[in-house]
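A.B. asks: Have a look at the structure that comes next, please.
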Amino acid sequence: QVQLVESGGGLVQPGGSLRLSCAASGTIFTIYGMGWYRQALGKQRELVATITRTGTTNYADFVQGRFTVSRDNAKKTVDLQMNNLKLEDTTVYYCWVTIITGENWGQGTQVTVSS
C-alpha cells in the first residue's frame, strides 16, 4: 500500500510561481518513475513532467522551460517548481509514482492562476 500526500497548490497571479510537493510512504522498496500529471474538467489526464530514478526528465511541450521537476530518492519525494504560470495552467495536478506493483496517484491539488 502506497500513500501519496501532495501539497503546494493554491491561487497565484499570472507570471507567478508555485511549488508542488509530493511525499510517498508505505510499503515501498524501490520507486521508479515519479512526476506530475494534470487534468482539467472534462479532459483527459495529461503529462506535465516526469523524472526517472536516475534523474532523467521528460516535460510536456506546453511547459516550455517554465517548470522543473526534481526528486529526492532518500526522502521519497517529488517536487514541481512552476514559474511564469499562465491562466491555462489552471487545473488539478496529480502526483504520479511508479513502483514494482504499478502506478500510484495522489489525490490531486488545485492550481488556480488568476488575476
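The values are calculated or read from the model by the stated rules, or taken from the named source; none is laboratory data. Keep in mind the model is a prediction, meaning the values are calculated, not measured. With ideal geometry, Cβ positions are generated from the backbone for all residues, glycine too; neighbour counts draw on all protein chains shown. These accessible areas exclude ligands, DNA and RNA; they are computed on the full protein's heavy atoms, side chains included. Shrake-Rupley method; radii C 1.70, N 1.55, O 1.52, S 1.80 Å.
A.B. asks: Expressed as a rounded percentage, what relative contact order does segment 1-67 have, with Cα pairs under 8 Å and six or more residues apart?
C.D. replies: Numbers: 77 pairs, mean separation 14.5, N = 67.
Reported as a whole number, the value is 22 percent.
A.B. asks: Right, something else. Of the peptides 100-106, 52-58, how do they stack up when ordered by the mean number of other Cβ atoms within 10 Å, highest first?
C.D. replies: So the peptides 100-106, 52-58, ranked by packing, come out 100-106, 52-58.
A.B. asks: Using a probe of 1.4 angstrom, how much of the accessible area of the chain is carbon and sulfur, in percent? Before the final figure, lay out each step's value.
C.D. replies: Values: 3070 of 6220 Å².
That share works out to 49 percent.
A.B. asks: What residues qualify as long-range amide H neighbours of G16, i.e. H under 5 Å apart, gap of 5 or more or another chain, H built at 1.01 Å from N?
C.D. replies: Residues meeting the amide H criterion: L85.
A.B. asks: Then there's this: Determine, for each peptide in 34-40, 6-12, 88-94, the mean count of other beta carbons within 10 angstrom over its residues, then list the peptides with the highest first. Intermediate results must be reported in sequence, preceding the final value.
C.D. replies: On the way: 34-40: 20.6, 6-12: 15.7, 88-94: 18.6.
Most protected by this proxy first, the peptides run 34-40, 88-94, 6-12.
A.B. asks: By a straight-distance test (C-alpha under 20 Å), which aspartates and glutamates pair with K75 as possible cross-link partners, with residues fewer than eight away in the same chain excluded?
C.D. replies: List returned: E6, E103.
A.B. asks: Over the chain, average the accessible area per residue using a 1.4 Å probe and give it in Å², no decimals. Don't skip to the end; give the middle numbers.
C.D. replies: Numbers: 6220 Å² over 115 residues.
The answer is 54 Å² per residue.
A.B. asks: Give the relative contact order (percent, whole number) for segment 14-53; include only Cα pairs under 8 Å separated by 6+ residues.
C.D. replies: In percent, rounded to a whole number, it is 34.
A.B. asks: So what does D61 come to for accessible area, using a 1.4 Å probe and Å² rounded to 10?
C.D. replies: Rounded to the nearest 10, that gives 140 Å².
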